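The values are calculated or read from the model by the stated rules, or taken from the named source; none is laboratory data. The model shown is predicted, which means the values in this text are computed figures rather than measured ones. Note that we place each Cβ from the backbone using ideal geometry, even for glycine, and neighbour counts take in every protein chain shown. Heads up: the accessible areas ignore ligands, DNA and RNA and are worked out on the full protein's heavy atoms, side chains in. Shrake-Rupley method; radii C 1.70, N 1.55, O 1.52, S 1.80 Å.
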Amino acid sequence: MITSKMQSAMNEQIKHETFSAYLYFAMVAYFHSQNLDGMAQWMKAQAQEELDHAQRFFNHINERGGRIELQPLDKPQAEWASPIAAFKAALQHEKFITGRINDLANLADEENDRASGIMLQWFVTEQVEEEDSVSRIISMLERIGDSGHGILMADRELGRRVAEA
Ligand SMILES: [Fe+2]
Ligand SMILES: [Fe+2]
């Protein structure tokens, strides 16, 4: 049985992961408005991953005999100054999420909740991957700068991403 502290912390995390999807879908819309369909495709895969993250917490609470309590979501930002500004906002958001995951892992230790600790290990690793992949895109876009040709190449490259199963 999940402790009530862990249950509410994980319910809160369902909100954060779902908001991540919401924010990334807003970026998908922004990229489409800029005719950057490849970046939109990349971000759409990212948003879908976030819904999977939310579902992992949802399932864990259920499997441990807890109760799901969905929280209200904020309205995400809709416009960014440039593609790189959007990816920088995504990185900043993922750093926030990493902090939340670390807090959850610490809580699992405090509560002596081994099952949650093991489940959260996957997220600790996933956050390393998330921050790394967005950081790489930012440095690629920094190198490209204002080159229209470079942006189109980057757009094509990012469009190759498909949602992971
Ligand atoms: Fe996530
Ligand atoms: Fe990921």
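If R0 equals 45 Å, the separation of the Cβ atoms of Ile68 and Ile138 corresponds to a calculated FRET efficiency of about 0.80.
These residues, Lys44, Lys5, Lys15, go from largest to smallest accessible area, 1.4 Å probe, as Lys5, Lys44, Lys15. Ordered from highest to lowest accessible area with the whole protein assembly present and a 1.4 Å probe, Glu49, Glu131 read as Glu131, Glu49. In the context of the full set of protein chains, residues of the range 4-158 present 53 Å² of accessible surface per residue (probe radius 1.4 Å, heavy atoms only). Applying 1/(1 + (r/R0)^6) with r as the Cβ-Cβ distance of Ala85 and Glu111 and R0 = 41 angstrom yields a FRET efficiency of 0.55. Taking every C-alpha pair closer than 8 Å and separated by at least 6 residues, the mean separation divided by the residue count of the range 4-158 gives a relative contact order of 28 percent.
Here each label is just a point 7 Å from Cα along the line to Cβ, and for Ser8 and Gln48 those points are 3.6 nm apart.
Think of the range 4-158 as having a plus end and a minus end, set by charges on the Cβ of Lys, Arg, Asp and Glu; of Asn62, Ala26, Leu152, Ala26 sits farthest toward the positive end of this dipole. Taking a straight Cα-Cα cut-off under 19 Å and skipping sequence neighbours fewer than 8 places away in the same chain, the lysines within cross-link reach of Lys95 are Lys15. Note on exposure: His32, His60 ranked by accessible area (1.4 Å probe, complete protein assembly) read His32, His60, with the most exposed listed first.
Of the Cα atoms belonging to the chain, the radius of gyration and Dmax stand at 17.2, 56 Å.
Taking only protein heavy atoms and a 1.4 Å probe, the accessible area of the chain is 51% carbon and sulfur. For the chain, a simple Cβ point-charge model (Lys and Arg +1, Asp and Glu -1, everything else neutral) yields a dipole of about 220 debye relative to the Cα centre.
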